[in-house]
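> Before we start, here is the structure in question, set down as structure tokens.
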Amino acid sequence: MDVPLLSTRPTPGQRALAERLAGGEEALGAGLARLPASLYTDEGRFTVEQERLFGRLPLLLAPSALLPSPRQATAHDAYGLPLIVSRDGNGRAHVLANVCRHRGTRLIEQDGVVPAARIVCPYHAWTYTPDGSLAALPRPDCFPGLDKKDHALRRFPVRESGGLLWYARSADADFSAVDALAPDMDAFGLSSLHLYRRRTHDVAANWKLIVDAFLESYHVQRLHAATIAPFFADGITAADRIGPHQRAAVGRTDYLAKVNRDDWRQLRKAVTYTYHFFPNAILIVSPDYVNLLTCYPQDVGRTLVEDVMLIPAPPQSEEEERHWQKSWDLLDGGTFAAEDFRAAALCHQGLASGLIGDVTLGTLEHGLADFHAMIEAALEG
Ligand code: FES
Ligand SMILES: [Fe+2]
């Protein structure tokens, strides 16, 4: 299957990482670093993160491809609030409380994407448009003086850019760091990809242990020896930042051989780009498809991780279906669930025992140290 090329060139940042890869092994940090084990296991710490990170920052909700058409909606509960993500008749995205303004009933009950030209409350049939406005209610004569304009669904700040949908709990959230990602996402054509599969994993680990597993390539040749390791060169990694987000490039095995770095198609085949969207999501760009992992902390030792796979277009034949299914199985089940998430859960077990006071990071694991420093800065800010 050929690489989908919706943009003809990398961004200057993507190109710069590829240049650095060409230099071979790169130590990302100068020396050892240590992190206290309690960062991952302390209940009080978890509560503070919920308030100051998840309560304030823009958070990834879904790829745009989850709602491919106008007048669609889906319930979204994983951040601990009952939300609706919808598109109005013009295709504009909205994030609404999934809570009726009459007496509080949950509006969209089911999982999955539903048609939403109207959102009708199951209790007394108050009816909302997909932008959250109250359109109609039965027996309006029984509500003398009620102004429909004052009874719209509660709306949350939303941003759609670069093929990603974000929201924030707090009304004054700053989305500028989200907008800064758009050129890189556009270089992958993210906004025109098709959602192929979606699965939520229930992982017995602190959310940061799951993110950590995608911020270093040190484990790839070890943990992934039976799955993806043969595709990658050990330690051939480069990383930088886009605001609080991390961008990394990992060289495929044949990287140093014969890649024309001026040819984006060749570069996409030779380099796997990964992004950490601060604080809790990971984008992995394989040569011909994309996985988006979003971590939803449930408690200090439990995280729901949604894996979404995006492909260039819906499969047109059984052969194409088999091709994508094979990629899905390799990454979602074989690599993420059986290896990365399992390692995170084992790590949580060990740290929760209290038998070691800190963890040690080598020079190839500097991405973790950066991530945890960003968290400290955000908690203080
Ligand atoms: S609670 Fe929704 S219409 Fe009554
Ligand atoms: Fe991994």
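The values are calculated or read from the model by the stated rules, or taken from the named source; none is laboratory data. Just so it is clear, the model here is predicted, and its values are computed rather than measured. We place every Cβ from the backbone using ideal geometry, glycine too, and count neighbours over all the protein chains shown.
> Quick check on Ala343: is it within 16 Å of ligand 2 (Cβ to nearest atom), out of contact with any Cys (no Cβ under 8 Å at 6 or more places or on another chain) and over 19 Å from Thr8 (Cα atoms)?
yes
> Tell me which residues, restricted to the stretch 253-292, are surrounded by 21 or more Cβ atoms within 10 Å (Cβ to Cβ), more than 21 Å from Pro315 (Cβ to Cβ) and in contact with a Phe, Trp or Tyr (Cβ under 7 Å, 6 or more places away or on another chain).
Ala270, Val271, Thr274, His276, Asn280, Ile282, Leu283
> Tally up the residues in the stretch 335-381 that are of a type in the set (Phe, Trp, Tyr) and loosely packed, with under 15 Cβ neighbours inside 10 Å, please.
Pass one, the stretch 335-381, residues of a type in the set (Phe, Trp, Tyr): 336, 341, 371.
Retained after the next criterion (residues that are loosely packed, with under 15 Cβ neighbours inside 10 Å): none.
Going through the stretch 335-381 one residue at a time, the tally reaches 0.
> Still on this structure, I have one more. Which ones in the stretch 96-121 are near ligand 1 (Cβ under 7 Å from one of its atoms) and either more than 22 Å from Arg169 (Cα to Cα) or surrounded by fewer than 18 Cβ atoms within 10 Å (Cβ to Cβ) (or both)?
His102, Arg103, Gly104, Thr105, Cys121
> Let me ask another. What number of residues within the stretch 149-175 are within 13 Å of ligand 1 (Cβ to nearest atom) and more than 30 Å from Pro279 (Cβ to Cβ)?
1
> Testing Arg155 on (1) in the same structural domain as Asp77 (by TED's automatic domain parsing); (2) more than 15 Å from Leu61 (Cβ to Cβ), one condition comes back false. Which one is that?
(2)
Per-residue answers, yes or no, for (1) farther than 30 Å from Gly362 by Cβ; (2) in contact with a Leu (Cβ under 7 Å, 6 or more places away or on another chain):
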residue: Arg139; (1), (2): yes, no
residue: Gly145; (1), (2): yes, no
residue: Arg159; (1), (2): yes, no
residue: Tyr167; (1), (2): yes, yes
residue: Ser192; (1), (2): yes, yes
residue: Leu215; (1), (2): no, yes
residue: Tyr218; (1), (2): no, yes
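> Follow-up question, since we're still on this one. Which residue, of Arg52, Arg56, Arg45, Arg71, is in contact with a helix residue (DSSP H, G or I) (Cβ under 6 Å, 6 or more places away or on another chain) and either crowded, with 22+ Cβ neighbours inside 10 Å or charged (D, E, K, R) (or both)? Step through it out loud before you land on a result.
Numbers: Arg56 fails: in contact with a helix residue (DSSP H, G or I) (Cβ under 6 Å, 6 or more places away or on another chain); Arg45 fails: in contact with a helix residue (DSSP H, G or I) (Cβ under 6 Å, 6 or more places away or on another chain); Arg71 fails: in contact with a helix residue (DSSP H, G or I) (Cβ under 6 Å, 6 or more places away or on another chain).
From the options Arg52, Arg56, Arg45, Arg71, the qualifying one is Arg52.
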